[in-house]
Amino acid sequence: MKRILVSIKRVVDYNVRIRVKPDGTGVITDGVKMSINPFDEIALEEALRIKEKGQADEVVAVSIGPADCQQQLRTALAMGADRALHVQTDAVIEPLDAARIFKALADREQAMLAILGKQAIDDDANQTGQMLAALWNRPQATFASKVEITGDKALVIREVDAGLETLEIDLPAVITADLRLNEPRYVKLPDIMKAKKKPLDTLDLAAVGVAPTERLRAVKFDPPAQRSKGVMVKDVQELVEALKRRGLA
Amino acid sequence: MSKILVIAEHDGSKLNPATAKCVACASAIPGADITVLVLAASAGAVAAQAASIAGVKRVVTLESPAFTQALAAVIAPAVVSVAGDYSHVFGPSTTFGKDLMPRIAALLGAPQISDLMAVESATRFKRPIYAGNAIVTVECQADSKVVATVRTASFEAAGAASAAAPIEALQLTAELPTHTRFVSVTAARSDRPDLQTAARVVSGGRALGSADNFKILYSLADKMGAAVGASRAAVDAGYAANEMQVGQTGKIIAPELYMAFGISGAIQHLTGIKDARTIVAVNKDPEAPIFEVADFGLVGDLFQVVPELEKLVGQKA
Ligand SMILES: Cc1cc2nc3c(=O)[nH]c(=O)nc-3n(C[C@H](O)[C@H](O)[C@H](O)COP(=O)(O)OP(=O)(O)OC[C@H]3O[C@@H](n4cnc5c(N)ncnc54)[C@H](O)[C@@H]3O)c2cc1C
């Protein structure tokens, strides 16, 4: 059975304007809209397309976190994932522990591929995929904008600072999804009904053999420095004069 | 004392300016003892450049034909083989560093601080989260190694050293995997300044409407000696190349001057330009959020403004 594991992280929706709590202990997340991390949605879409091309048999969506993550897993099932695994915990899971959990599941599921979002838009860490590849001792193709599977290899185009880089990697491997990899499909109502019958298994951390460790402690949260408000100029002439005064034109 | 290993980014012959920024960041750690590691097929030229950065104590090199391209899976075990003595391992927050450093961290069993923007102590650092909408101060354990990617826009590059640091060639002992192979890279070669380090950047959004229309920005940029950037919407629509994207998921830049034409100012875009010294925004919508961060805002049609601007810049007042 050729299996693809996909990360589904529950995060604050990207349209929410994040504010820091006045006492600096975190950001306000009460009552805000939660969604699948947009990069994970792209990762799932790519896995589904690989399966639809007949290059994989099963897509397994994985989420780590509190009970509410099951909402995002149900959405992933409605999009087309075959089953879901929920590693349930209320602990803060650092990327290295998330990678350890994925490694345990990749072994257990004998995955041919793990596709993760390149970063989550909450902590913006951009670590878990690379860490999983390291622990799994397998190739990584990060920031992917095109994936082509041929037999036991994949050709991946990556978005890098210089332009577009193509890598050939042996499977199993880890791919992390960038924004231009694909456009995720919309979920239709009948799919939501069908998703209710798909298997969603809950595991605890002991079942995957990972005890979370606090390696980095968040001491304090601050709002970012604000830029002071500038001035409106009436025409190009005035703009150029302003720039010249700053030695910029 | 903090022993800091900085991984050099380079293209085989030239050191990337991001490395001098990593050195500047490392220098902010009290009692920093900084070593730069160059991995290359032939390290000589790059090592010499690294040795002349102020604050660098020594440069060490590892050579292998396998390092001709910077493949994270190939480089990481080599870095780990020399990282034993170090308390900190730093790389730049470029696609090179973002790809490589977490792989190193995982092999070391160490945490990573992504986009390190300020040093408070050897164990306490600041970094942005939520697309820069919050800054978190994190503390790591004193007895643990810490890996970081350095947010290059937050640091001025370290200057030139008065005397070059010693260079030492190390013996490669790590076994390197062959499961990851470089095929090709396509980079639009341009004579314009590099977006990441340019002093001036002219940038366009969805409003440009086509790749052809972007030419008016190239023309203005050339007159001003500027690099050209773009919003995600412009890149997604195919008006501009992916490496031109500025923002949360593109390049984070800190030029002297950033000029945004027809860019609305979404938070994901603003996070990439917040450190620019001067921001100019031209947008036909007076309510566009980009004006909230602009030093100089002009409400108008970019297709009229850009050609006019091109005529007036560089002219003696
Ligand atoms: C996870 C995630 C990551 C993202 N990362 C990035 C990123 O890294 N970088 C990025 O840029 N975006 C990013 N985005 C997208 C971002 O949210 C916005 O969609 C994008 O920045 C909008 O681009 P834009 O301003 O060019 O287009 P629009 O928002 O469509 O704005 C176009 C602007 O042009 C103005 N205009 C139209 N015609 C004219 C004219 N003739 N003259 C002058 N002005 C005119 C309009 O008034 C409008 O303000 C990301 C989004 C997500 C969800």
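The values are calculated or read from the model by the stated rules, or taken from the named source; none is laboratory data. Note that this is a predicted model, so its numbers are computed, not measured. Virtual Cβ from ideal backbone geometry, glycine too; neighbours counted across all protein chains shown. Protein only, heavy atoms only, side chains kept; ligands, DNA and RNA dropped before computing areas. Shrake-Rupley method; radii C 1.70, N 1.55, O 1.52, S 1.80 Å.
Computed values, structure above
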quantity: The listed residue being surrounded by fewer than 16 Cβ atoms within 10 Å (Cβ to Cβ) and over 30 Å from A:G26 (Cβ atoms), out of A:R246, A:R180; calculated: A:R246
quantity: In the range B:105-120, the residues that are over 19 Å from the mean Cα position of the chain (by Cα) and more than 8 Å from chain A (Cβ to nearest Cβ); calculated: B:L108, B:E120
quantity: Residue within the range B:143-151 that is within 16 Å of the ligand (Cβ to nearest atom) and modelled with pLDDT of 95 or more present; calculated: yes
quantity: Enumeration of residues in the range B:22-57 that are open to solvent by 40 Å² or more (accessible area, probe 1.4 Å) and in contact (Cβ under 8 Å) with a residue 60 or more places away in the chain; calculated: B:S27, B:A28, B:P30, B:G31, B:A48, B:S52, B:G55, B:K57
quantity: Selected residue [at pLDDT below 95, out of contact with any Cys (no Cβ under 6 Å at 6 or more places or on another chain) and open to solvent by 50 Å² or more (accessible area, probe 1.4 Å)] from B:A199, B:A211, B:A188, B:A237; calculated: B:A188
quantity: Within the range B:245-273, considering residues that are buried (at least 24 other Cβ atoms within 10 Å of the Cβ) and assigned to a helix (DSSP H, G or I), the one farthest from the ligand (Cβ to nearest atom); calculated: B:L270
quantity: Restricting the range B:274-301 to residues that are acidic (D, E) and over 28 Å from A:D13 (Cβ atoms), the residue that is most open to solvent (accessible area, probe 1.4 Å); calculated: B:D301
quantity: Single unsatisfied condition, A:G163 versus (1) modelled with pLDDT of 95 or more; (2) away from the ligand (no atom under 16 Å from the Cβ); (3) out of contact with any Leu (no Cβ under 8 Å at 6 or more places or on another chain); (4) closer than 30 Å to B:M117 by Cβ; calculated: (1)
quantity: So B:D285, is it away from chain A (no Cβ under 12 Å) and over 29 Å from A:A225 (Cα atoms); calculated: no
quantity: Selection from the range A:78-98 of residues that are part of a helix (DSSP H, G or I) and farther than 11 Å from A:S63 by Cβ; calculated: A:A78, A:M79, A:P95, A:L96, A:D97
quantity: First in the range B:234-254 and facing chain A (nearest Cβ under 8 Å), second anywhere and open to solvent by less than 10 Å² (accessible area, probe 1.4 Å) and more than 9 Å from the ligand (Cβ to nearest atom), Cβ under 7 Å, 6 or more apart; calculated: B:A241/A:G163; B:E243/A:G163
quantity: Condition check for B:Q112: within 21 Å of A:D123 (Cα to Cα) and at pLDDT below 95; calculated: no
quantity: Hits in the range B:274-317 - residues which are over 20 Å from A:Q237 (Cβ atoms) and within 9 Å of the ligand (Cβ to nearest atom); calculated: B:D285, B:E287, B:A288, B:P289, B:I290
quantity: Scan of the range A:125-145 for residues that are open to solvent by 10 Å² or more (accessible area, probe 1.4 Å) and out of contact with any helix residue (DSSP H, G or I) (no Cβ under 7 Å at 6 or more places or on another chain), ordered by number; calculated: A:N137, A:R138
quantity: Residue count for the range B:145-169, restricted to those that are more than 20 Å from B:N16 (Cβ to Cβ) and buried (at least 16 other Cβ atoms within 10 Å of the Cβ); calculated: 2
quantity: The range B:77-100 residues that are over 30 Å from B:Q245 (Cα atoms) and assigned by TED's automatic domain parsing to the domain that holds B:A118, paired with ones that are part of a loop (DSSP other than H, G, I, E, B) and of a type outside the set (A, V, I, L, M) (beta carbon under 8 Å, 6 or more apart); calculated: B:P77/B:E175; B:P77/B:P177; B:A78/B:S64; B:S81/B:T173; B:A83/B:K145; B:Y86/B:K145; B:S87/B:K145; B:H88/B:K145
quantity: Residue within the range A:172-190 that is in a helix (DSSP H, G or I), at pLDDT below 95, more than 11 Å from chain B (Cβ to nearest Cβ) and more than 23 Å from B:M244 (Cα to Cα) present; calculated: yes
quantity: Those strands (runs of 3 or more DSSP E) lying entirely in the range A:1-74 with at least 2 residues touching a helix residue (DSSP H, G or I) at 6+ places or on another chain (Cβ under 7 Å) and of a type in the set (V, I, T); calculated: A:3-7, A:58-65
quantity: Residue ID - farthest from the other protein chains (Cβ to nearest Cβ), chosen from residues in the range A:191-215 that are open to solvent by 50 Å² or more (accessible area, probe 1.4 Å) and of a type in the set (K, R); calculated: A:K197
quantity: Failed criterion for B:Q304 (all others in (1) within 11 Å of chain A (Cβ to nearest Cβ); (2) crowded, with 19+ Cβ neighbours inside 10 Å; (3) under 23 Å from B:A211 (Cβ atoms) hold); calculated: (2)
quantity: Yes/no for A:A218 being assigned to a strand (DSSP E or B), touching a residue at least 24 places away in the same chain (Cβ under 8 Å), within 12 Å of chain B (Cβ to nearest Cβ) and open to solvent by less than 20 Å² (accessible area, probe 1.4 Å); calculated: no
quantity: Selection from the range B:158-214 of residues that are within 30 Å of B:A234 (Cβ to Cβ), among the charged types (D, E, K, R) and part of a loop (DSSP other than H, G, I, E, B); calculated: B:R189, B:D191, B:R192, B:D194, B:D212
quantity: Neighbours by Cβ (under 8 Å, 6+ apart or cross-chain): first from the range B:135-155, part of a loop (DSSP other than H, G, I, E, B); second among the hydroxyl-bearing types (S, T, Y); calculated: B:Q141/B:T123; B:A142/B:T123; B:K145/B:Y86; B:K145/B:S87; B:R151/B:S93
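One line per residue, one yes/no per condition, for (1) more than 24 Å from B:S154 (Cα to Cα); (2) part of a strand (DSSP E or B):
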| site | (1), (2) |
| --- | --- |
| B:L5 | no, yes |
| B:K21 | no, no |
| B:D33 | no, yes |
| B:V38 | no, yes |
| B:A50 | no, no |
| B:T61 | yes, yes |
